[in-house]
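This report refers to the structure that appears directly beneath it.
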Amino acid sequence: MNTKTVGIVIGSLRKDSFNKKVAHFLTTIAPKHLTFQTLEIGDLPLYNQDFDEEGSPESYIRLRKEIKALDAVLFVTPEYNRSVPGVLKNALDVASRPYGQNAWKGKPAAVVSVSIGNISGFGANHHLRQSLTFLDMPTLQQPEMYLGDIANSLDEQGNFNDAKTVELLTSFMNTFAEWINKF
Ligand SMILES: Cc1cc2nc3c(=O)[nH]c(=O)nc-3n(C[C@H](O)[C@H](O)[C@H](O)COP(=O)(O)O)c2cc1C
């Protein structure tokens, strides 16, 4: 099977982030023809439309170029105040512009939300899906992936300790790989 490059966008900058650990775990159970590249989004200045006319920061140019070279994008995000963290929304906006040059366009995507709570980031997951629709990213519908109570689900090494969860996540990554192949 042809190798596919999947960009990972993580909605948390925290050094001990559960989302970062989950993202890494997903790369270890994914089909071997998928290779992963975590996209840096923490160095993007807040999007300002003036940049589109006056010149974009280097980090904007880098991110847009990186996304255009990808075969797919995996979003792994916490929920902040029942929505998408600002750092992630900013990255979506930055790479969607200048007008007519949306770097996300057409890239198959999947969404994983991760939370210490029991609602499992449902609000962030679905607000993100709303943006991905407008960005024209065909997004995997099923299985949906909401990971709650994450502080008690990962061991010291950042691995899931429940066999059923590992099975579910493996099935999710296999289905995402099949989804990517359709585009
Ligand atoms: C500003 C802020 C808002 C938050 N809002 C929510 C929320 O709406 N829903 C939720 O489940 N958790 C919320 N949390 C808790 C996060 O689930 C928790 O901080 C989680 O560890 C963040 O992911 P990370 O470990 O990858 O940084 C919030 C945390 C912060 C810092």
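Quick note: the coordinates plus some simple rules give every number you see, no bench work behind them. As the structure is a computational prediction, the values presented were derived from the model and not from experiment. Please note: Cβ atoms are built from the backbone with ideal geometry, for glycine as well, and neighbour counts cover all protein chains shown.
The table below lists the values:
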{"read-out": "Per-residue HN-Hα couplings for the stretch 70-84 [Karplus 6.51, -1.76, 1.60; θ = phi - 60°; Hz; x = Gly/Pro]", "value": "7, 8, 6, 9, 10, 9, 10, 9, x, 10, 10, 6, 6, 8, 7"}
{"read-out": "Selection from His127, Ser17, His33 lying farthest towards where the dipole of the chain points positive, charges on Cβ", "value": "His33"}
{"read-out": "Between helix 122-134 and the chain: long-axis angle, C-alpha atoms, 0 to 90°, nearest 10", "value": "40"}
{"read-out": "Computed [θ] at 222 nm, helices only, for the chain once each DSSP H run of length n ≥ 4 contributes -39500 (n - 2.57)", "value": "-12000 deg cm²/dmol"}
{"read-out": "Over the stretch 1-48, relative contact order from alpha-carbon pairs under 8 Å, at least 6 apart, %", "value": "54"}
{"read-out": "Computed lengthening from Ile29 to Asp52, 0.36 nm per intervening residue step minus Cα-Cα distance", "value": "4.3 nm"}
{"read-out": "Of all DSSP beta bridges in the chain, antiparallel share, percent nearest 5", "value": "10"}
{"read-out": "Computed magnitude of the charge dipole of the chain (debye, nearest 20; Cβ of K, R +1, Cβ of D, E -1)", "value": "340"}
{"read-out": "Mean separation of Cα contacts under 8 Å, 6 or more apart, over the residue count of the stretch 4-181: relative contact order %", "value": "25"}
{"read-out": "Long pairs among Lys4/Lys182; Lys21/Lys89; Lys32/Lys105; Lys32/Lys182, criterion Cα-Cα beyond 19 Å", "value": "Lys21/Lys89; Lys32/Lys105"}
{"read-out": "Virtual spin-label span in nm between Ala151 and Glu66, 7 Å along Cα→Cβ", "value": "3.0"}
{"read-out": "Radius ratio Rg over Rh of the chain, counting only Cα atoms, Kirkwood formula for Rh", "value": "0.96"}
